[in-house]
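Report on one structure; see the data block that follows.
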């Protein structure tokens, strides 16, 4: 008896009930909207607009369904889409329409109507069974017409109450089973397929392999910079101080000049070490966070940069580092290659992602080739399961947009 009572008061049971109850109205709304959009495809003047609206609506609806499944049933379902394409809106629409996941979204939302009828019936059962226990008290006011049987007598009303009493212990598990079945269908159609997961693993393996190679190359660069730069300056500093020490008694004025030269050499060595450390991991990022670090990048940029960072709190160190170096490399590209007069950096939250955008008004035409900085950016973002999109039409400026996974 206690187990049944706990099942009725368990938050999971109520989550399942709400999930089933919402399926019917949502399913009908999506069915009507998508059928209307598909029907408009045959009208030439608005065919393209209808196609774009249908694709966007299907993806938005599928995203809402994945969110509903995660929030009410606690089953997270990752988005299965291919990495977004750059280019014109038509090219992006064509890319989305060719993604099999888009068609699974569309099929699921159309199927949600009839499935929602069954889910709604189970949710109605959750309400009607307890009410049926009291049916003998008010059956004369509302006789129950079951089609083949009309319940209009006390004996029949007590039979209905008895059936409800027998169903009461099993009712929470009936509702849960219905919600789990519906959730499994949602996860199957709206989640990644085995082939997509395999392809995703291949992409991540390649990007992380390139990231390891890039880290090794970066380590060699640091060793070379230390050897050729700061180390040589420190050697020269030690020699100058040694000569100053030897002259200190016999030639104080010459020793003073050598100490001054050594002091200048020490300052130059500190500048080189500071620049080297900034390339590895800037102290301002660790101490003050992404906003301050990006503002420092903008202040050092020869191109005027507008910065807008809107974050509710500090990000995890790994996400923060990826966002920082993405912005740093993008601003370097703006300075070196774009010919831009202005640039803009924005960082904001959107659903479960951090959106990082770097845009400029330069000449465009940027291409992420195999050995370019843009390829390195893509690998950095892919290594944390993020997405990078680069829109750079010739003569139209460049937009670098990254979506980094993050749980608020």
Out of all the residues in the stretch 44-56, is one or more surrounded by fewer than 16 Cβ atoms within 10 Å (Cβ to Cβ) and touching a helix residue (DSSP H, G or I) at 6+ places or on another chain (Cβ under 7 Å)? yes
Could you grab me the full set of residues in the stretch 375-396 that are surrounded by fewer than 20 Cβ atoms within 10 Å (Cβ to Cβ) and free of Cβ contacts under 8 Å to residues at least 60 places away in the same chain? 394, 395, 396
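Within the bounds of the stretch 50-58, is there any residue that is without any contact (Cβ under 8 Å) to a residue 60 or more places away in the chain and more than 28 Å from residue 352 (Cα to Cα)?
There is at least one residue in the stretch 50-58 that is without any contact (Cβ under 8 Å) to a residue 60 or more places away in the chain and more than 28 Å from residue 352 (Cα to Cα).
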Which condition number in (1) modelled with pLDDT of 85 or more; (2) surrounded by fewer than 13 Cβ atoms within 10 Å (Cβ to Cβ) is the one that residue 138 fails? (1)
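The values are calculated or read from the model by the stated rules, or taken from the named source; none is laboratory data. Predicted model, so just to flag it, every value in this text is computed and none were measured. With ideal geometry, Cβ positions are generated from the backbone for all residues, glycine too; neighbour counts draw on all protein chains shown.
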